[in-house]
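Peer 1: Dropping the structure in here first, questions after.
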Amino acid sequence: VKPGRGGRRAMGPPSATLRKNGPDEVARAIKPLECVIFDCDGVIWRGQKKIEGAREAIAGLEAEGKRVLYLTNNSAKSREQCASKLRNFGIEANPSQVVCSSSSAARYLDSVRFDKAKKVLVIGQEGILIELAEAGYECVTCEDLCGSSDPECKIEEYERMEVDPGVG
């Protein structure tokens, strides 16, 4: 983001900005920024393939002293798993630089002071389970409640479920 009238506004896609304004204008626009947040899927990687130029762009920003963070709405991975994927693409990253929906779920429960003595029913993937466990929450899954090893419960299975009374 960069300063704009009435607060901050997001910059357009880097490649479009570069083509339109040239490298000198982009350098001037980036100079006052303290932090750059990259969405992961579609910006740094697409599926299991890295996007060319992302590593170099990030390295250049870090060389200029910019703080770099990574954001993803994919709950299948934890922050550590996302950081590991970034490292596999040659981008030095640690979990504290990653914000993902799975870690946001744990932070939300903390923010509303969810009782950690109660269990959390997780209808989702591994990343949520990892992040909630790291935050000190005990999780219950569909497999726990209906015996299915399929990560996606079917409506009929939900209807037959007897929810653990410890779920908050």
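Peer 1: Which of (1) surrounded by fewer than 19 Cβ atoms within 10 Å (Cβ to Cβ); (2) assigned to a loop (DSSP other than H, G, I, E, B); (3) of a type outside the set (A, V, I, L, M); (4) touching a residue at least 12 places away in the same chain (Cβ under 8 Å) is the odd one out, the single condition Glu80 does not satisfy?
Peer 2: That leaves (2) as the condition not met.
Peer 1: Sticking with this structure for a sec: Here is a list of conditions, (1) modelled with pLDDT of 90 or more; (2) farther than 30 Å from Leu132 by Cα, and Gly12 meets all of them except one; can you say which number that is?
Peer 2: Result: Gly12 fails condition (1) only.
Peer 1: Let me ask something else. Picking from Glu157, Glu92, which residue would you name as being part of a loop (DSSP other than H, G, I, E, B) and either open to solvent by 80 Å² or more (accessible area, probe 1.4 Å) or farther than 19 Å from Ile37 by Cα (or both)? Before you say what the answer is, go through the steps one by one.
Peer 2: Working: Glu157 fails: part of a loop (DSSP other than H, G, I, E, B).
Residue meeting the stated conditions: Glu92.
Peer 1: Return the residue satisfying two criteria in turn: it lies in region 83-97 and is without any contact (Cβ under 8 Å) to a residue 40 or more places away in the chain and in contact with a strand residue (DSSP E or B) (Cβ under 7 Å, 6 or more places away or on another chain), and of such residues it is nearest to Ala59 (Cα to Cα).
Peer 2: Ala93
Peer 1: Which ones in region 82-99 are touching a Pro at 6+ places or on another chain (Cβ under 9 Å) and closer than 15 Å to Glu134 by Cα?
Peer 2: none
Peer 1: Here's something else I'd like to know. Of (1) in a helix (DSSP H, G or I); (2) at pLDDT below 95; (3) over 30 Å from Ala27 (Cβ atoms), Gly60 satisfies all except one. Which?
Peer 2: Unmet condition: (3).
The values are calculated or read from the model by the stated rules, or taken from the named source; none is laboratory data. In this text the structure is predicted, and so the values were computed from the model without any measurement. With ideal geometry, Cβ positions are generated from the backbone for all residues, glycine too; neighbour counts draw on all protein chains shown. Accessible surface areas use protein heavy atoms only, side chains included; no ligands, DNA or RNA. Shrake-Rupley method; radii C 1.70, N 1.55, O 1.52, S 1.80 Å.
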